[in-house]
Amino acid sequence: MQLDINKSEKRLLLLLLSVPIVLLSLGIYHGLLQTLYRSGMISQASFAALDYYQGLTLHGVINAIVLTTFFAVAFGHACMAYYLKMKINLKIGWISAILMIVGTLLAAIAMLSGEASVLYTFYPPLKAHPAFYVGVALLAVGSWVAFWGWIPMYRKWKNQNKERKTPLPVIATLVNFTIWQICTLPVAYELLVMLLPWSIGWVETINIPLSRTLFWFFGHALVYFWLLPIYLMYYSMLPKLAGGKLYSDNAGRLVFFLFLILSVPIGVHHQFGEPSITRGMKLFQSILTYGVAVPSFITAFTIAASLEYSSWARGYRKGRWFGWMFRLPYFDKERYLFAYLICGLILFIFGGLTGLVNASYSLNNVVHNTAWMPGHFHMTVAGPVYLGIIGMTLYMYEQLSGKEIRLKRIATIVPHIWMVGMLIFSTGLMAGGLLGEPRRTNMGMSYLDPESPLFRPDWVMTTGITVLGGVILFASAGLFFIVLIDLIFTKKTKEQAIRFPAYEVLHDEKRIPLLDSFKPWVVIMIFVILVAYIPVFRDIAKLTGPGAKPFDPNNPTPLELYESND
Amino acid sequence: MDKYELRILAFTGVILVIFLVSVLRAVNKYAIDLPECIPYDESFTEPQIKQIDDNLYQVFVKSQMWSFEPSEMYFPVGAEVDFYLSSSDVVHGFHIAQKGLNMMAVPGGINKATAKFDEPGVYEIVCHEYCGSGHQHMRAEIIVNYPNQQ
């Protein structure tokens with residue numbers, strides 16, 4: 001099956017795929033630099049005109065928010081059109097893309113001018129330039145618009161196909177954007193109603209615990225928003241790429257609907273160390289977080305079963321325990337996308353398990369805000385998510401432009417190098433975190449500077465390991481860009497059309513109406529969110545003191561005092 | 001669902017229940033819990049060290065860009081210390097890695113956690129939340145059983 005595309009569709013998709021990839025070069029550059037700063041190899045506040053915390057803000061915003069959101073929208077357009085065999089609404093598609101690009105540019109200008117060094121969590125009372133807040137909000141709103149264009153497509157298809165199963169990738173895409181729509185509402189409120197007037201000076205103070213809770217209402221669901229497009233690839237493409245079929249289609253549906261229910265009402269597990277929220281609500285959301293591990297366990301089984309079946313299908317003997325794992329086409333350059341997905345999946349085993357540690361209530365005391373945290377989430381967002389995104393970007397670029405990768409061998413080795421680098425890098429960070437290294441800290445200026453009275457020799461080894469990992473990761477990213485640039489400059493040889501790996505199911509079960517309908521799940525979702533969050537907001541209203549005035553990250557004096565002295 | 005799928009669901013359930021029971025046991029048996037949040041009261045925001053009885057101390061720690069106040073604390077071996085944490089400007093962190101004591105200082109909130117210092121030595125307190133350009137210098141220390149000093 002293939003989906004023919006016209007010029008405007010091609011332009012839209014290529015634009016959405018390439019904007020974040022261009023910015024990614026900056027994000028990855030500063031990823032490497034951070035390992036150098038943290039290990040003390042760079043012992044200064046800034047290097048090559050980029051401040052550490054400014055670069056860290058760029059690294060977080062570009063890699064975790066811009067890249068993931070643009071990709072989710074581009075891939076969503078492609079999946080909705082391809083699997084429903086319908087045209088996307090181009091007018092809505094372009095409005096959405098323009099909003100997202102304008103928002104990204106506003107935020108990028110604010111960050112590059114050094115007026116928004118507040119990291120990607122933008123915790124007040126550190127204040128950023130108002131353009132940063134508007135930019136991030138526009139990026140989110142732009143992605144909503146794309147989603148609003150897909151709903152009528154789904155309705156129309158559903159009316160014409162009442163008794164047929166909705167294709168799993170369509171369910172996955174719509175589940176993901178329903179989560180996104182709901183979780184971004186509070187953060188849009190935080191950005192536009194709280195932070196924006198406060199940063200301009202119209203409002204004197206804001207409630208900090210409230211703003212943090214609104215952020216984390218969004219912040220953890222964001223993690224699933226990154227991940228679900230990759231889960232979609234695991235379910236609907238990976239089995240075929242390996243030469244097999246998906247083990248069970250209904251399991252996939254159940255998994256995505258469980259994510260719909262449980263992705264949002266768990267944000268408080270990022271706030272275990274904070275005042276203004278009582279322990280009971282923290283424990284409750286900790287348990288809900290265990291609940292969201294269930295769909296990932298089901299996925300681990302279903303995907304492993306599909307891959308084992310694919311090994312049998314390629315002639316490996318049935319019934320042996322783990323041998324099938326060594327018979328997968330890890331290095332087959334004719335299906336390089338498999339390498340990207342499987343390397344990400346292997347990293348995600350560790351990313352998921354360390355995530356369970358973080359969610360475990362008081363165990364969080366050991367790891368909260370230490371280097372362990374970036375160690376954990378680099379094996380999720382910089383594991384399966386990053387590898388899935390760049391692999392699928394190559395794959396879609398080939399098809400949208402009608403060109404073929406010339407450096408296929410390099411393209412296949414990129415994810416393997418990345419996986420090795422990431423395992424080393426995360427080991428260094430997590431070990432350092434257990435020794436007490438703080439995250440988000442320019443340690444080269446204090447704790448890792450042998451000249452400083454704060455020098456911590458016990459952190460030298462672990463930060464050194466992260467440098468080694470960082471260099472390997474940087475090399476892998478460099479090779480990816482070489483493959484991509486070479487691809488851009490090759491000649492067109494084929495017609496332009498999207499052809500995703502065919503979606504085939506091993507046990508093709510009957511349609512279960514409950515697993516093919518959004519309404520009941522959305523109702524449960526909203527109910528669980530209300531139960532999990534109303535008491536939290538009540539705690540905050542009861543326990544919080546006075547609001548806070550804005551502060552410039554470079555100056556301990558309240559902004560109003562030193563600005564009026566100028 | 002086939003038998004393998006049912007097995008994996010049961011396995012998942014058992015694992016998660018084991019984890020949950022362990023967490024609850026840590027809370028009940030060993031009193032390893034998250035920080036306690038206290039209704040906001042300005043009297044906690046004035047930095048001070050109070051000795052309640054022989055081994056029990058209360059410390060009101062004020063965090064600000066880019067230091068803690070008090071920044072050096074002396075306790076005898078065996079001291080049990082309640083830390084009450086507040087912030088006078090932006091969000092800070094308060095981490096004593098050796099004690100697994102981990103709190104956020106959030107403007108408008110008062111946080112509380114307790115540590116017992118049974119071993120003599122120097123305990124580093126590190127600010128582990130980005131709080132502006134001087135963040136990497138923000139720390140404090142606790143000295144346990146320093147010769148006769150308080």
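The values are calculated or read from the model by the stated rules, or taken from the named source; none is laboratory data. Owing to the predicted nature of the structure, the values given are computational and were not obtained by experimental measurement. Note that each Cβ is placed from the backbone with ideal geometry, even for glycine, and that neighbours are counted across all protein chains shown.
Test each condition in (1) assigned to a helix (DSSP H, G or I); (2) hydrophobic (A, V, I, L, M, F, W, C); (3) in contact with a Gly (Cβ under 7 Å, 6 or more places away or on another chain) for A:I109 and report the one that comes out false.
(3)
A:I526 - would you say it is more than 14 Å from chain B (Cβ to nearest Cβ), within 30 Å of A:P124 (Cβ to Cβ), surrounded by fewer than 19 Cβ atoms within 10 Å (Cβ to Cβ) and modelled with pLDDT of 95 or more?
Yes.
Report the residue count in segment A:263-275 for those that are more than 17 Å from the chain's Cα centre (by Cα) and either of a type in the set (A, V, I, L, M, F, W, C) or closer than 15 Å to A:F218 by Cβ (or both).
So the count comes out to 5.
Considering only segment A:539-551, state which residues are at the interface with chain B (Cβ under 8 Å from one of its Cβ atoms) and in contact with a Lys or Arg (Cβ under 9 Å, 6 or more places away or on another chain).
Hit for segment A:539-551 is A:F551, nothing else.
Quick grid of which residues meet (1) within 14 Å of another protein chain (Cβ to nearest Cβ); (2) polar (S, T, N, Q); (3) within 30 Å of A:N442 (Cβ to Cβ):
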residue: A:A74; (1), (2), (3): no, no, no
residue: A:M80; (1), (2), (3): no, no, no
residue: A:V102; (1), (2), (3): no, no, no
residue: A:L105; (1), (2), (3): no, no, yes
residue: A:S113; (1), (2), (3): no, yes, yes
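Would you check if A:A477 is closer than 22 Å to A:L260 by Cα, under 25 Å from the mean Cα position of the chain (by Cα) and buried (at least 20 other Cβ atoms within 10 Å of the Cβ)?
It is false that A:A477 is closer than 22 Å to A:L260 by Cα, under 25 Å from the mean Cα position of the chain (by Cα) and buried (at least 20 other Cβ atoms within 10 Å of the Cβ).
In the set A:L262, A:L337, which member is of a type in the set (A, V, I, L, M) and either within 14 Å of another protein chain (Cβ to nearest Cβ) or at positive phi (or both)?
Going through A:L262, A:L337 in turn, just one is of a type in the set (A, V, I, L, M) and either within 14 Å of another protein chain (Cβ to nearest Cβ) or at positive phi (or both): A:L262.
I'd like to know if segment B:100-115 contains one or more residues that are touching a helix residue (DSSP H, G or I) at 6+ places or on another chain (Cβ under 8 Å), in contact (Cβ under 8 Å) with a residue 60 or more places away in the chain, within 8 Å of another protein chain (Cβ to nearest Cβ) and within 16 Å of B:Q48 (Cα to Cα).
yes
Could you tell me whether any residue of segment A:127-134 is within 14 Å of chain B (Cβ to nearest Cβ), within 26 Å of A:N554 (Cβ to Cβ) and of a type outside the set (K, R)?
Looking through segment A:127-134, at least one residue is within 14 Å of chain B (Cβ to nearest Cβ), within 26 Å of A:N554 (Cβ to Cβ) and of a type outside the set (K, R).
For segment B:29-98, give me every one of the strands (runs of 3 or more DSSP E) that falls completely inside it and has 2 or more residues that are out of contact with any Cys (no Cβ under 6 Å at 6 or more places or on another chain) and hydrophobic (A, V, I, L, M, F, W, C).
Once the strands (runs of 3 or more DSSP E) in segment B:29-98 are filtered for at least 2 residues that are out of contact with any Cys (no Cβ under 6 Å at 6 or more places or on another chain) and hydrophobic (A, V, I, L, M, F, W, C), what remains is B:36-38, B:56-64, B:72-75, B:79-87, B:92-96.
Considering B:L6, B:L20, which residue is surrounded by fewer than 17 Cβ atoms within 10 Å (Cβ to Cβ), in a helix (DSSP H, G or I) and either of a type in the set (F, W, Y) or more than 8 Å from chain A (Cβ to nearest Cβ) (or both)?
Only one candidate passes the filter, namely B:L6.
What number goes with the only condition from (1) over 30 Å from A:D332 (Cβ atoms); (2) within 24 Å of the chain's Cα centre (by Cα); (3) within 14 Å of another protein chain (Cβ to nearest Cβ) that A:L174 does not pass?
Condition (3) is where A:L174 drops out.
Give the residues of segment A:11-67 that are away from every other protein chain (no Cβ under 13 Å) and outside any helix (DSSP H, G or I), sorted by residue number.
Once the filter is applied, which keeps residues that are away from every other protein chain (no Cβ under 13 Å) and outside any helix (DSSP H, G or I), segment A:11-67 yields A:M41, A:F47, A:A48, A:A49, A:L50.
A quick yes/no check of all residues on (1) crowded, with 24+ Cβ neighbours inside 10 Å; (2) more than 14 Å from chain B (Cβ to nearest Cβ); (3) closer than 24 Å to A:L33 by Cα; (4) in contact (Cβ under 8 Å) with a residue 24 or more places away in the chain:
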site	(1), (2), (3), (4)
A:Q399	no, yes, no, yes
A:L407	no, yes, no, yes
A:P415	yes, yes, yes, yes
A:M422	yes, yes, yes, yes
A:A431	no, no, yes, yes
A:L434	no, no, yes, yes
A:N442	yes, no, yes, yes
